[in-house]
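Data block below; observations after.
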Amino acid sequence: MTSAGHFVKHLRERGVEWMATLCGHGLNPLFDEASRAGIRLIDTRNEQTASYIADYWGKLTGRAGVCCVSSGVAHANALTGVTNAWFDRSPMLLVSGAGALRTSGMGHFQDMDQVSMARPVTKYCRVLDSADRTVQILEEALAEAESSPRAPVHLTYPLDIQTTPVRKPIPPARVHKAASQPRTADVERALHKAKRPLMICGSEVFYQGAGDAMLDFAAANGIPLVIPIWDRGFVSSPHPAYCGVIGAATGGASLLADADVLLLAGAANDYRVRFLNHPRQKAVAVDDFAGLSECRTPGFGDWLKEARSRVSSHRERILANRKGETLGAADVIGAIEPVLTAETSLLVDGGSIGQWAHQLLCTGRYPGHWLTCGRSGVVGWGLGGAMAARLARPQAPVILLSGDGAFTFTVAEIECAVRQKLPFVAVVADDEAWGITRVGHEQEYSKAIASVLGPVAFDRLAESLGARGRRAATPQALTRELRKALDSETVTVIQVPITGGNP
């Protein structure tokens, strides 16, 4: 059996059922073996989308999604999704084809150092340069991707290695990593001196399946629990300790600024928590999620009650500031809310619409199967993300809420989703602008600078790509169209013209 045959066989043994891809140089032997083994090839029209599919599968499942692309610029395109995964510490494997190893560096077709390009945004990155080591190297990469902290990994796979027979296979090494030392005593000491503690839970809480434990601890001790904007949620239903998201550019309830002790559980120290440089605050890392239940605290029930009141008041202020004579983001979000079930996969792609969705939709609950751009703040991932959501949770409804700018990054992928029977409903909030940027320009410079877009008939564009296209001019019409679309077995795009600049 060739190296490519062993590669595909090991993927199958690990439960891999599909690979997201775009055909091209350096992939044919791998494609052939995948098709023989029954691994589905989810083809796309842009390598960015293929990598987003793998990235968002990893975000949903905690297991590495697999993306295979060709060499050269195709590899560079795929690094978009890899970079997004690197920001969020989500697992994925990028396999990039390449010319023969024996002529590498001599100027063969699309000859370039793909590993050096991928190394800054991967946890493990190398050329698969030995047929006998195929399974060993592949398993090393996958193990690194799926071990904590999760991260994207990359393998460049030369054509001549793919077709080389494996003579003496080298088995994977078994590596056991030492667990980090728990520091629950630090948490307990800090809480005994606190008056207004705040628990900040990042994506790692979701990936480790520790969400329920965190919520139980927060509720038992009266500690408000928040999630940094763009991190993974884990609040499947309304919970007394959950107080929404923090770090949004559009503001928020004054919880972070007024807290005196910050408990960081799997959350990054970055701009969303103001870099933890407030002189009157103490920040403590929560490393031992399971051991946290052993902490004894004085309890902070009054502070939790006040925090919940602040969150509710902030949401009411947003809605009160709506300019009711025109359709806005809040109307779109309000029309979507009634059709959401406990199982709905909700994806939010877009700067402005994403901000308001977090402020208005993620205050009561924030399930793990709701997806956003992540810590990178990228837009344009939504169509690939919707395809990944359909693959990961095939029986669940999938709704993509997107801005018009974000939606057009890879809009041709609608055809791929329709053809490959990966249905979803896309709601396009259309303000003919890069909304959040335009608002910033107008506030700072009194004019929009390169942030205004022209009109697009998204409903007719969707139909030209084989999908159902609809328009909705009122919240009631949008809710009706959503209910009809969710009963359909194909992709539906609902265009909703809105006025930007306010919720």
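A short reminder: the numbers here are calculations on the coordinates, not readings from a lab. This one's a predicted model, so the numbers in the text were calculated from it and none came from an experiment. We place every Cβ from the backbone using ideal geometry, glycine too, and count neighbours over all the protein chains shown.
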The chain: DSSP helices with Cα axial extent of at least 20 Å and average Kyte-Doolittle hydropathy no lower than -1.0: 47-61, 73-88, 301-320
Lys, Arg +1 and Asp, Glu -1 on Cβ, resulting dipole of the chain about Cα centre, debye, nearest 20: 640 debye
Set of segment 54-68 residues, backbone N closer than 17 Å to the point 7 Å along the Cα-Cβ line of Asp270: 55-56, 59-60
Length released on extending from Ala173 to Asn502, taking residue separation times 0.36 nm less the Cα-Cα span: 112.9 nm
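When DSSP beta bridges are limited to those with both residues in segment 388-503, what percentage is antiparallel, rounded to the nearest 5?
Here the antiparallel bridges make up roughly 5 percent for segment 388-503.
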Residues with amide H under 5 Å from that of Tyr124, placed H, sequence gap 5 or more: His154
Nearest-0.05 FRET efficiency for Asp111 and Glu489, computed from C-beta distance (R0 60 Å): 0.85
Segment 40-45 - phi-based ³J(HN,Hα) in whole Hz, Karplus 6.51/-1.76/1.60, Gly and Pro as x: 6, 9, 8, 8, 10, 9
Integer Hz, Karplus 6.51/-1.76/1.60 couplings in order for segment 248-258, x for Gly and Pro: 6, 5, 8, x, x, 5, 7, 9, 4, 5, 9
Sorted peptide list for 402-415, 117-130, criterion being average Cβ within 10 angstrom, highest first: 402-415, 117-130
The chain - mean residue ellipticity at 222 nm from DSSP helices (-39,500 (n - 2.57) per run, n ≥ 4, rounded to 500): -11000 deg cm²/dmol
Ala290 versus Arg45: modelled label distance in nm, points set 7 Å from Cα along the beta carbon direction: 4.9 nm
Förster radius 56 Å - calculated FRET efficiency between Glu343 and Lys193, Cβ distance, rounded to 0.05: 0.85
Beta bridges per DSSP with both ends in the chain, % antiparallel, nearest 5: 5 percent
Anchor Lys282: lysines whose Cα lies under 22 Å away (excluding residues fewer than 8 positions away in-chain): Lys193, Lys195, Lys305
